[in-house]
Amino acid sequence: MDERPAYYEFFAGGGMVRAGLGENWRCLFANDFDRKKAESYRANWGGEELHVGDVREISTAQLPGHADLVWASFPCQDLSLAGAGAGLKGERSGTFWPFWDLMKALRQEGRAPSIIVLENVCGALTSHGGKDFEKISEALAKERYRFGALIIDAALFVPQSRPRLFVIAAREDIAVPSSLLRHCERSEAIQNNNLFHTRALVTAQESLPKTLRKNWLWWNLPAPPLRNRSLIDMIEDAPIDVAWHSVKETNALIAMMSDVNLAKIAEAKRAGRKMVGTLYRRTRYQNDVKNQRAEARFDEVAGCLRTPAGGSSRQFVLVVDKGKVRSRLMSARETARLMGLPDEYALPENYNEAYHLTGDGVVVPVVRHIAAHLLEPLLNACIVLEAA
């Protein structure tokens, strides 16, 4: 009998949560709507547990057994600060509700999971003036879950700036060990500059109605060891899917830079060593006129990967060495490394599909850290209590 904890994963993409949970967990069911992503999931994990289709059309009859954990990285487009602001009423982020209907149905069947993890962009805290976060909290409380949230920047684990919101909910009948909780007030959380309880999170929690704050848990997640790899360790000298730009193309990018960003290039040239940075082209307004600007960074961390909805959302690599500047698009393998995926992970052959897959995923070592320090100890405590 397989005694490993079991889980369902919704909005699974290429299975990065599965990679983070690891072999000590067993997947009972995975779902994604995107057939291209599903091909990558099958290529890396097989397709036995995978159901490809709209979450709105899934019934509990398709969910086998009993899951200890349900993980849902539901779409962020309508909650993102860069999105149209539709929030949980949007076509994409609104798929949270049919997913949640499944969770309610599981409870009615006596199969409510012990733990639920919801992952999304930090904009979920402030979308619609905080009302969307309140609705998520209310949904959890109505199904008798206690819950808390963490803001985790992937830059603690990989050289990519990628802060994300993780809402972690435990069924109310589960006795949460005190070692997994912090007892903090607003002033403590802010003054101590807690890594995972940011000012924005504390403000969002305090904005919840008192009835919901009673269900709130301040999770105690330890800081990870210092990251020992920087951006330069992720970069390929001769990528197979992207070409280095010509001098003319590189100069065109540099010509789009503001004085502040040109100063970054000049400083990189003065460093006396090979410097690797990244660049995004962004639309900025000046005197109500739309301009495209190139914004660079040389802090040994890449910008946040995004799904390519157009050329401007793809990230570029900049290499400054011996006074010369070279540029190119970031390769698919580099994006996978920035998500914490091993080089053995099979990526789509098509560049855009690979970029979309990684830019829309969850950073693998972040999942592992949450699992090791919260999810697994919490489930182990449940087993001990049942045995007693």
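Structure summary
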| item | result |
| --- | --- |
| Single condition R293 does not satisfy, out of (1) buried (at least 17 other Cβ atoms within 10 Å of the Cβ); (2) part of a strand (DSSP E or B); (3) basic (K, R) | (1) |
| Unique residue being outside the structural domain of D34 (by TED's automatic domain parsing), surrounded by fewer than 23 Cβ atoms within 10 Å (Cβ to Cβ) and in a helix (DSSP H, G or I) when the list is R326, R333, R337 | R333 |
| Among (1) modelled with pLDDT of 95 or more; (2) under 19 Å from Y345 (Cβ atoms); (3) in a loop (DSSP other than H, G, I, E, B), the one test that P64 misses | (2) |
| Checklist (1) aliphatic (A, V, I, L, M); (2) in contact with a Leu (Cβ under 9 Å, 6 or more places away or on another chain); (3) farther than 30 Å from F298 by Cα; (4) buried (at least 16 other Cβ atoms within 10 Å of the Cβ) applied to A139, failing item | (2) |
| Scope the stretch 149-161; condition crowded, with 23+ Cβ neighbours inside 10 Å and not aliphatic (A, V, I, L, M); matching residues | Q160 |
| Answer from L81, L21 - the residue that is within 17 Å of the chain's Cα centre (by Cα) and at pLDDT 95 or above | L21 |
| Test: residue in the stretch 242-258 that is in a loop (DSSP other than H, G, I, E, B), β-branched (V, I, T) and in the same structural domain as V319 (by TED's automatic domain parsing) | yes |
| Qualifying helices (runs of 4 or more DSSP H) (wholly inside the stretch 115-226; at least 3 residues being in contact (Cβ under 8 Å) with a residue 12 or more places away in the chain and not assigned by TED's automatic domain parsing to the domain that holds A336) | 131-142, 186-191, 199-206 |
| Residues that are of a type in the set (G, A, S) and surrounded by fewer than 21 Cβ atoms within 10 Å (Cβ to Cβ), drawn from the stretch 16-75 | G22, A43, G46, G47, G53, S59, A61, G65 |
| Residues of the stretch 1-14 classified as small (G, A, S) and more than 24 Å from W97 (Cβ to Cβ), total | 2 |
| Number of positions in the stretch 33-44 that are touching a residue at least 24 places away in the same chain (Cβ under 8 Å) and more than 20 Å from the chain's Cα centre (by Cα) | 2 |
| First in the stretch 366-388 and farther than 16 Å from S179 by Cα, second anywhere and among the aromatic types (F, W, Y) and modelled with pLDDT of 95 or more, Cβ under 6 Å, 6 or more apart | V366/F157 |
| Residue among M234, M257 that is over 30 Å from T198 (Cβ atoms) and either at pLDDT 95 or above or out of contact with any Pro (no Cβ under 9 Å at 6 or more places or on another chain) (or both) | M257 |
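Residue-wise test of (1) among the aromatic types (F, W, Y); (2) modelled with pLDDT of 95 or more; (3) under 15 Å from V367 (Cα atoms).
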residue	(1), (2), (3)
Y8	yes, yes, yes
W25	yes, yes, yes
N31	no, yes, no
R35	no, yes, no
G47	no, no, no
H51	no, yes, no
T60	no, yes, no
D68	no, yes, no
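The values are calculated or read from the model by the stated rules, or taken from the named source; none is laboratory data. All values derive from a computational prediction rather than experimental measurement. Please note: Cβ atoms are built from the backbone with ideal geometry, for glycine as well, and neighbour counts cover all protein chains shown.
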